[in-house]
Amino acid sequence: MIRSVAALFVFAVILCGYIVLRPSGAGRSAPATADMTANSATVTRAAQSDTILAPVMPSAQLTNSAVIQAPRRTIAPGARVPTDKTGMDTTAANVLAGLGLTVVQNPTSANDDPMRAMTAGVLSGIGAVTGKTLTTVNQTPTPATALEMLVVKALKEGQNDAYIDTLVNEAAAAGNITVPEILVTSDGRVDTYVLLSSIITQATIAAGGAAPAVPDRPEGVEVRMVQRATQTEQYRFYTVKRGDSLGAIAVNFYGNVRKYNLIYEANRSTLSSPNDLRVGQRLTIPDA
Amino acid sequence: MRMYFGITAVVIGLAGPALAQDVQITDGFATANVTVGTTQITISRSQDTNAVISGEFAKTSRPCPEFCIQPMIPAVGVTPVGELELITFLQEKVDAQTGLLIDARVPDWFDKGAIPGAINVPFAALAAENPYQSEILRALGAVVIDGGFDFSGAMSLMVYGNGPWDAQGSRAVQALVAAGYPASLIQNYRGGLEDWLHLGLSTVRP
């Protein structure tokens with residue numbers, strides 16, 4: 001009796017060990033693939049198997065499942081990921097450029113991104129005075145960063161998402177690369193899922209596909225009605241979970257990583273920088 | 001220093017010209033012509049010896065906080081300047097395309113009237129919070145190198161805001177220095193549009 005109990009116990013321990021230690025990306029759903037027929041080239045992200053699968057994965061599905069299923073692996077707390085100010089669009093476009101695809105970045109309207117519009121105005125002002133033809137914000141050939149080169153190399157090798165996640169996080173932890181601020185998660189990791197999904201989204205749009213849809217009912221949202229003298233206003237709140245990045249929250253609520261700034265600006269009193277998310281922090285989510 | 005600066009502006013602006021037939025910039029120097037990019041600009045002073053300031057720039061006591069008195073040197077190593085240095089900067093640096101006169105105010109203010117030859121670079125565009133900040137630094141002559149910027153070929157800058165009570169110029173200067181822009185390349189015209197107008201100097205509406 002004792003022997004069989006002990007045997008069962010050992011079996012349970014081994015099973016638990018397997019569940020905990022198996023590769024974290026194993027549970028991921030379908031591979032995301034963008035068929036770039038327009039540019040007669042193919043961008044793929046292989047899944048666990050190395051098979052390259054064809055047609056375009058609906059981008060809406062991609063964004064809906066984004067936040068929860070992103071590959072996570074815990075690293076020692078306290079590690080600080082080096083960040084830079086590169087925008088997500090630029091990073092994604094550079095990765096695609098590294099793969100031999102020219103993506104004209106979708107010009108965001110002034111309403112979507114006032115900072116982009118302001119910067120474009122500044123650049124044309126400087127260009128008019130200096131006489132130099134300045135590249136505008138929308139078509140800047142920013143040199144590829146170490147992060148971008150790393151991702152390009154891995155994608156060319158047909159590596160899967162979990163591999164890229166580990167690769168990028170090890171490089172960031174070692175201080176070898178800097179990453180866009182909005183990719184830093186509440187536990188100090190790099191959110192490679194948002195990075196990879198941005199690349200797919202851009203490739204899809206470049207190939208004439210639809211822009212990602214806004215998720216109907218974002219995960220973990222708390223809605224509160226506030227009665228004012230004249231009207232009732234609706235506020236949405238989100239409590240930061242372990243592994244969330246500002247980019248992922250923006251994808252979750254707006255279906256678009258670019259709109260992270262809406263959340264950032266609305267929470268400036270508690271959020272000192274986009275890479276400063278803390279677990280349990282309560283964020284106001286403005287309407288898009 | 002600050003008090004002296006303010007009194008000088010008022011005395012020259014209101015009393016000085018009343019005695020002269022002709023309102024010059026300095027004795028024997030009435031007009032400055034500068035080529036800015038492809039446009040020709042002219043700076044001179046109003047010849048109406050009875051002109052006085054009215055409206056926004058005549059206010060003395062804006063509430064502080066918000067509109068607090070600004071330092072002449074918003075960041076260590078920045079050079080404070082007045083109107084004559086500004087005009088010389090336009091003639092020597094901007095004309096030769098080695099310098100830029102930066103109006104750091106929000107576009108609404110800039111559109112109402114600016115110093116001739118200035119370009120509008122709102123302070124918020126220079127802040128680290130602007131995800132496209134690096135594009136502006138590059139346009140100012142910074143070169144992207146591994147993990148940062150090389151400012152050795154960057155342009156000389158002169159920055160101004162609305163006046164001694166307005167933080168927009170100071171914030172732009174501080175944002176530039178925080179981004180690594182060499183303070184030795186930055187000059188600050190604290191007097192801003194207010195002091196400029198008090199001297200009857202030309203403004204343009206872009």
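Give the long-range amide H neighbours of residue B:188: residues separated by 5 or more places, or on another chain, with amide H under 5 Å away, using H modelled in the peptide plane at 1.01 Å from N.
B:79, B:81, B:159
So who's got an amide H within less than 5 Å of the one on residue A:239, skipping anything under 5 residues away but keeping other chains? H placed 1.01 Å off N, in plane.
Under 5 Å from the amide H of residue A:239: A:283.
Tell me the net charge near residue B:189. Cut-off is 13 Å between Cβ atoms, residue B:189 excluded, with +1 for each Lys or Arg and -1 for each Asp or Glu.
Working: positive: B:105, B:190; negative: B:83, B:85, B:103, B:166, B:194, B:195.
Residues near residue B:189 contribute -4 overall.
Across the residues of A:255-262, average count of Cβ atoms on other protein chains within 10 Å? Write out the running numbers ahead of the final one.
Details: counts 0, 0, 0, 1, 0, 1, 3, 0.
Across A:255-262, the average partner-chain Cβ count within 10 Å equals 1.
By how many degrees, 0 to 90 and rounded to 10, does the Cα axis of helix B:168-178 deviate from the longest principal axis of chain B?
Taking Cα atoms only, the helix is inclined about 30 degrees.
Please compute the average number of Cβ atoms from other chains found within 10 Å of each residue's Cβ in peptide B:119-130.
Values: counts 9, 5, 7, 4, 0, 4, 7, 2, 1, 3, 8, 8.
Mean partner shielding for this stretch: 5.
At a Cα cut-off below 12 Å, give the aspartates and glutamates reachable from residue B:93, other chains included and same-chain residues fewer than 8 away excluded.
Correct list for residue B:93: B:85.
For the peptides B:102-111, B:31-40, what is the packing order when you average, over each peptide's residues, the other Cβ atoms within 10 Å and list the highest mean first? Please list the in-between numbers first.
On the way: B:102-111: 20.5, B:31-40: 14.8.
Ranked by mean Cβ neighbours within 10 Å, highest first: B:102-111, B:31-40.
Rank-order B:122-131, A:169-178 by packing density, defined as the average count of other C-beta atoms within 10 Å over each peptide's residues, highest first.
Numbers: B:122-131: 21.3, A:169-178: 17.7.
In descending order of packing, they fall as B:122-131, A:169-178.
How many Cβ atoms of partner chains, on average, are near each residue of A:113-123 if near means within 10 Å of its Cβ? Don't skip to the end; give the middle numbers.
Details: counts 2, 2, 8, 4, 1, 10, 13, 3, 6, 14, 7.
Mean shielding count: 6.
Any read-out appearing in this document is the output of simple, stated calculations on the displayed coordinates, not a laboratory observation. Remember, predicted model here, so these are calculated numbers, not experimental data. Every residue, glycine among them, receives a Cβ derived from its backbone with ideal geometry; neighbour counts consider all protein chains shown.
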